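Right, one structure below, let's go through it.
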Amino acid sequence: MSEQTQKPDDTTHFGFRDVPKGEKQKLVGEVFSSVAGKYDLMNDLMSLGVHRVWKRYFVSTAQVKRGDRVLDLAGGTGDIALLLRDRVGDSGSIVLGDINGAMLRVGRDRMTDMGKVGGFEYVQMNAEKLPFPDASFDLVTIAFGLRNVTDKDAALREMQRVLKVGGQARVLEFSEVKAEWFKPIYDFHSFNILPKLGKLFANDSDSYQYLAESIRKHPPQDELKRMMGEAGFARCDYKNLSAGIVAIHTGYKV
Ligand SMILES: C[S@@+](CC[C@H](N)C(=O)[O-])C[C@H]1O[C@@H](n2cnc3c(N)ncnc32)[C@H](O)[C@@H]1O
């Protein structure tokens, strides 16, 4: 049973703190409103650019083709949407959905500056309650977003609902590191380096402390796979990248 399900019904995790469920969304909102302007720079600094490799792999192995309609949930500043654009081509379309207006604005401005205008819709939405009819998308993705959602089961059920039959859901998320020797190094980087980088470059160490803590509270690989099955996905599976620092989970609507 997950830590999430062992908790009293009215509380959840915000990093290592227990908070009323009704408060988590606001606290997460404050994190991303605070870091939005420096989000892309911080990703490069924290991961030494490796997040780009994970995201490229995530998109290049997705079940998607030209002309498809795709939903990228918790899409933030648009890294995944931008990569998906090449896969769906001019005849396809991508909805970039995020709960946070500041992150969406940074994403939209960035795409516009790059001349990537057609084929995108930006929608402010909560992943727990999607504003789309059943069977609307060929592919639904969520990258580094599910960890921040209060009711992950609801978000997974919604992803399943809006997929067309035969469509794929993909979750890219930090997960449980599997190489024992690497764990102390990873913990040192997470709890000592990340908050300092946050302080230095985004004037915000707390948000990067939250990042490190929220990763530890996120359901590990097998548990997330089970949750996807319970949400109604078929053929659920996952693949670890970088010894499990991140994992890609996949499921299908049948
Ligand atoms: C770490 S960022 C990931 C952004 C982007 N997908 C990427 O990989 O760079 C997490 C995003 O999840 C969004 N988010 C958090 N809770 C959400 C929710 N309930 N529904 C939709 N988006 C949410 C945040 O606003 C933030 O933009």
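Please treat every number below as a calculation from the coordinates, not as lab data. Here the structure is a predicted model, which means the values were calculated and not measured. Counting neighbours? That spans all protein chains shown, and the Cβs are built from the backbone with ideal geometry, glycine included.
Key figures for this structure:
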quantity	calculated
Straight-distance crosslink candidates among lysines, where the alpha carbon sits under 28 Å from Lys65 and sequence neighbours closer than 8 are dropped	Lys55, Lys116, Lys129, Lys152, Lys164, Lys225, Lys239, Lys253
Computed label-point distance, nm, for sites Thr11 and Gln124 using a 7 Å Cα→Cβ extension	3.2
Net charge contributed by nearby residues that have their C-beta within less than 14 Å of Gln124 (K/R +1, D/E -1)	-1
Reachable lysines, given that their alpha-carbon falls under 16 Å from the alpha-carbon of Lys196 and they are not under 8 places away in the same chain	Lys38
Scattering profile of the stretch 56-149 at q = 0.13 Å⁻¹ [log10 I(q)/I(0), Debye over alpha-carbon scatterers]	-0.38
Whichever aspartates and glutamates have a C-alpha closer than 20 Å to that of Lys178, once near sequence neighbours (fewer than 8 apart) are set aside	Glu3, Asp187, Glu213, Asp222, Glu223, Asp237
At 1.002 mPa s and 20 °C, Stokes D of the stretch 80-123 from Kirkwood alpha-carbon radius, µm² per second	202
The stretch 122-254, Rg to Rh (Cα coordinates; Rh as Kirkwood inverse mean 1/r)	1.02
Sites Glu230 and Asp134 - FRET efficiency at Förster radius 30 Å, r taken between beta-carbons, to 0.05	0.95
For the chain, size of Cβ-based charge dipole, Lys and Arg +1, Asp and Glu -1, in debye	540
Taking N as its residue count, the alpha carbon Rg of the stretch 201-254 over 2.2 N^0.38 Å	1.45
Long-range HN-HN contacts of Ile245 with modeled amide H, under 5 Å	Lys178
Alpha-carbon radius of gyration plus Dmax, which is the widest Cα pair, for the chain in Å	17.2, 48
Cα→Cβ-extended label distance, 7 Å offset, between Arg66 and Phe201, nm	3.7
For the chain, calculated [θ]222 nm from helices alone, where every DSSP H run of n ≥ 4 adds -39500 (n - 2.57)	-13000 deg cm²/dmol
Neighbour-count order for Thr12, Thr141, Thr61, fewest beta carbons within 10 angstrom listed first	Thr61, Thr12, Thr141
